[in-house]
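The values are calculated or read from the model by the stated rules, or taken from the named source; none is laboratory data. Just so you know, these numbers come straight off a predicted model, no measurement behind them. We place every Cβ from the backbone using ideal geometry, glycine too, and count neighbours over all the protein chains shown. Note: areas computed on protein heavy atoms with side chains; ligands, DNA, RNA excluded. Shrake-Rupley method; radii C 1.70, N 1.55, O 1.52, S 1.80 Å.
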Amino acid sequence: MSGPFGLPLALLTDSYKASHAAVFPSALSATAYAEFRQPFNNDPSDHRMVFYGLQYIITTYVSRVWTDTDVDTAKAFFSTHNAGHSAFPFPETLFRKFVRENNGHFPIRIYAMREGSVVYPHTPVMQISARDEYAGLVTYLESVLLMTWYPSAVATLSRKAHTRIKERYSQSVDESAMWTLESRMHDFGFRACTCVEQS
């Protein structure tokens, strides 16, 4: 399999997304966007979030090159995925087309804020777009791209902790020792995580 950890690329989505090409057959372009919907932990005093993790997701999942074997796997999976083990709509022709004409790269564009950007809820942090016959595929990768929520939550919590440490430092540490601030926040949580990606 060309997907990470041996996972078929076709299964890295919410399955209903495979039907979107049939839902919007005449669309000339399509765009989806992502945003944070609420403050971290519903914090009433600081609503800002840190957008983080997109580069890892693009490198590990989205930039993978699709092959005819991946399309065959997807076709086999979706052929019995619907109720009663019947076929679920899968745009095989479009997938075969970009495997041949786009060297297996998924035919979308991703525009995003820089990693580490601090944003308020409802600020779009990324946009996914596709044109012409590929417009119906724009949401296929949306599910895996939205996995930025977790690293963003960790980065946001880290930012909040660092801000509090800095406030206390300014109240209790001599100016000559302020250089130690950058080493005051340590994370020993790796051993307690469920997987490497969670850490």
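Brief remarks on what is shown
- Applying the criterion of being of a type in the set (D, E) and assigned to a helix (DSSP H, G or I) to the residues of segment 160-199, the residue that is least open to solvent (accessible area, probe 1.4 Å) is E167.
- Screening G53, G6 for residues that are open to solvent by less than 20 Å² (accessible area, probe 1.4 Å) and under 30 Å from V154 (Cβ atoms) leaves exactly one candidate, G53.
- Number of the exception - A130 against (1) crowded, with 16+ Cβ neighbours inside 10 Å; (2) more than 15 Å from A32 (Cβ to Cβ): (2)
- Selection within segment 95-110 - touching a residue at least 24 places away in the same chain (Cβ under 8 Å) and either open to solvent by 30 Å² or more (accessible area, probe 1.4 Å) or under 16 Å from V144 (Cα atoms) (or both): R96, K97, N103, H105, F106, P107, I108, I110
- Residue within segment 191-199 that is touching a Phe, Trp or Tyr at 6+ places or on another chain (Cβ under 8 Å), touching a residue at least 24 places away in the same chain (Cβ under 8 Å) and not charged (D, E, K, R) present: yes
- The C-beta contact set for segment 154-172 (first residue touching a residue at least 24 places away in the same chain (Cβ under 8 Å), second residue exposed (fewer than 13 other Cβ atoms within 10 Å of the Cβ) and small (G, A, S), distance under 8 angstrom, 6+ apart or interchain) comprises A155/G116.
- Scanning segment 87-96 finds one or more residues that are more than 16 Å from K17 (Cβ to Cβ) and either modelled with pLDDT of 95 or more or of a type outside the set (A, V, I, L, M, F, W, C) (or both).
Here is a yes/no grid of residues against (1) more than 17 Å from L12 (Cβ to Cβ); (2) charged (D, E, K, R); (3) loosely packed, with under 15 Cβ neighbours inside 10 Å; (4) touching a residue at least 24 places away in the same chain (Cβ under 8 Å):
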| site | (1), (2), (3), (4) |
| --- | --- |
| V71 | no, no, no, yes |
| S79 | yes, no, yes, no |
| E115 | yes, yes, no, yes |
| M126 | no, no, no, yes |
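- Listed by first and then second residue, the pairs with beta-carbon distance under 7 Å, at least 6 apart or on different chains, first residue in segment 1-14 and under 13 Å from F77 (Cα atoms), second of a type in the set (K, R) and modelled with pLDDT of 70 or more, are L9/R64.
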